[in-house]
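Okay, structure first, notes after.
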Amino acid sequence: MGRYNPGVKSPMRPTLIAFFLSAAVASAQQIPDPNFDATVTHPTYTTTHPHVAIDQAHDNFHTKDELFKPFADLLRNDGYSVVANTAKFTSVSLEGIDVLVISNAIGKLEYDNNNSTPAFTKPECDAVYDWVQRGGSLFLIADHAPMGDAAAPLAERFGVTLGNGFVFDTNPENFDDKDPTELVFSDHNHLLGSNPITRGRNGAERLHRLVAFTGESVTIPRGAIAILRLSPTVGEVHTREAVQPLYDEDAIKAKANLEAAARRWPIMGRAMAVAFMVGRGRVVVSGEAGMLTAQVFKEKDKDGTEKFVGKTGMSVPGNDDTQYVLNVLHWLSGVLK
């Protein structure tokens, strides 16, 4: 999701509103980037078309035709058949799906929207686990708080614990644009793991620099590969209120607040994305969603004129996030071994 925290207007049904960590886009509306180029020059699938289902049966913040549209368009142009999943998970509803993508499912929000009830029932978690065991592939994406709480039961069914916070780094070499939650994973800082997903199928697909736009941590289960490693200088705060001191306008105070928060909430030994096998199936768990789509912020001037005031994800120049999405799906669909 990146820089956003869902809010709630009604105790009966959650209505998502944007919470911006950056004051520069505090009044802007978050939308899929209409100018994102989803072209795939050499589509992977031209005769067969693996069936990708993007979940929207769990009050998902990201859906196929809205904020995850750039993701869906990119996959479709790579030769996948992309549909929306509108049913709760059962052995029957999962039939015929090759890759299940779940991005930012939400339960009932609570505690000033820093926490959520689970978005999935135990029978649903069991159904997805059994489906993966039999050969299905799962891409589970849960962004910063409160998304971790919502997805926790499903992640834990696969042996992954979600941090349900906001990860930041105290080392400027590991974050971008003076934003300590905008993490960089690169050849230079050695936080980009070496594995089939980061190497791709050839030199053109090799990843060199990825940028994440505010996410949570994930544990690394035995046998998993850490795609996006977190450095020893990271921390994770668990409320949006605790994030604000990290952006103090006084640079000296901001640095001191970062270091104090890292000492108070260290999370060494975790990652922001992991991949592993389960039975005959494959699983990727990501603690960040913004880097997997392309979003812009739109606001109106006083005269009613609309303009874009910022962007995140695949739209941001200088990163390999677009190829990262393709590589993850190639691994999940079996093109990458």
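Residue by residue, here is whether (1) surrounded by 15 or more Cβ atoms within 10 Å (Cβ to Cβ); (2) farther than 21 Å from residue 285 by Cβ holds:
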site	(1), (2)
179	yes, yes
182	yes, no
198	yes, no
207	yes, no
212	yes, no
220	yes, no
238	yes, no
250	no, yes
Please go through (1) part of a strand (DSSP E or B); (2) modelled with pLDDT under 95 for residue 82 and return the number of the only condition it doesn't satisfy. (2)
Any residue in segment 96-109 that is without any contact (Cβ under 8 Å) to a residue 24 or more places away in the chain, farther than 22 Å from residue 69 by Cα and surrounded by fewer than 20 Cβ atoms within 10 Å (Cβ to Cβ)? no
Those residues that are touching a Gly at 6+ places or on another chain (Cβ under 7 Å) and over 30 Å from residue 42 (Cβ atoms), I need them from segment 58-100; list them, please. 94
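For the structure I just gave you, tell me whether residue 52 is among the hydrophobic types (A, V, I, L, M, F, W, C) and touching a residue at least 40 places away in the same chain (Cβ under 8 Å).
Details: among the hydrophobic types (A, V, I, L, M, F, W, C): yes; touching a residue at least 40 places away in the same chain (Cβ under 8 Å): yes.
Criteria met by residue 52.
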Tell me which of these residue 261 doesn't satisfy, since it passes every other one: (1) surrounded by fewer than 18 Cβ atoms within 10 Å (Cβ to Cβ); (2) in contact (Cβ under 8 Å) with a residue 12 or more places away in the chain; (3) more than 22 Å from the chain's Cα centre (by Cα). (1)
With criteria (1) of a type in the set (A, V, I, L, M); (2) closer than 19 Å to residue 296 by Cα; (3) part of a loop (DSSP other than H, G, I, E, B), residue 57 comes up short on (2)
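One line per residue, one yes/no per condition, for (1) at pLDDT 95 or above; (2) over 28 Å from residue 325 (Cβ atoms); (3) in contact with a helix residue (DSSP H, G or I) (Cβ under 6 Å, 6 or more places away or on another chain); (4) among the hydroxyl-bearing types (Ser, Thr, Tyr):
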site: 86; (1), (2), (3), (4): yes, no, no, yes
site: 94; (1), (2), (3), (4): yes, no, yes, no
site: 98; (1), (2), (3), (4): yes, no, no, no
site: 104; (1), (2), (3), (4): yes, no, yes, no
site: 111; (1), (2), (3), (4): no, yes, no, yes
site: 115; (1), (2), (3), (4): no, yes, yes, no
site: 120; (1), (2), (3), (4): yes, no, yes, no
site: 123; (1), (2), (3), (4): yes, yes, no, no
site: 129; (1), (2), (3), (4): yes, no, yes, yes
Selected residue (only one of 36, 71 is at pLDDT 95 or above, in a helix (DSSP H, G or I) and aromatic (Phe, Trp, Tyr)): 71
Please give the number of the condition residue 199 fails out of (1) at pLDDT 95 or above; (2) under 24 Å from residue 312 (Cβ atoms); (3) among the basic types (Lys, Arg). (2)
Among 233, 293, 312, 322, which is the only one that is modelled with pLDDT under 95 and polar (S, T, N, Q)? 312
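Checking the condition out of contact with any strand residue (DSSP E or B) (no Cβ under 8 Å at 6 or more places or on another chain), surrounded by fewer than 22 Cβ atoms within 10 Å (Cβ to Cβ) and modelled with pLDDT under 50, which residue from 48, 15, 90, 44 passes? Break it down into steps so the answer makes sense when it comes.
Values: 48 fails: modelled with pLDDT under 50; 90 fails: modelled with pLDDT under 50; 44 fails: modelled with pLDDT under 50.
Of the residues listed, the single one that is out of contact with any strand residue (DSSP E or B) (no Cβ under 8 Å at 6 or more places or on another chain), surrounded by fewer than 22 Cβ atoms within 10 Å (Cβ to Cβ) and modelled with pLDDT under 50 is 15.
Anything in segment 117-145 that is in a loop (DSSP other than H, G, I, E, B) and in contact with a Leu (Cβ under 6 Å, 6 or more places away or on another chain)? List them, or say none. Can you show your working first?
Going through segment 117-145, the residues in a loop (DSSP other than H, G, I, E, B) turn out to be 117-121, 134-136, 142-145.
Of everything in segment 117-145, those that are in a loop (DSSP other than H, G, I, E, B) and in contact with a Leu (Cβ under 6 Å, 6 or more places away or on another chain) turn out to be 120, 142.
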Please identify the pairs in which a residue from segment 178-191 that is at pLDDT below 95 has its Cβ atom under 7 Å from the Cβ atom of a residue that is part of a loop (DSSP other than H, G, I, E, B) and of a type in the set (Asp, Glu), counting only partners at least 6 apart or on another chain. none
If you scan segment 302-323, which residues turn out to be more than 19 Å from residue 187 (Cβ to Cβ) and in contact with a strand residue (DSSP E or B) (Cβ under 7 Å, 6 or more places away or on another chain)? 306, 307, 308, 309, 310, 311, 312, 313, 314, 315
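The values are calculated or read from the model by the stated rules, or taken from the named source; none is laboratory data. Small disclaimer: the values here were computed from a predicted structure and weren't measured. So basically every Cβ, Gly included, is an ideal-geometry build from the backbone, and we count neighbours across all protein chains shown.
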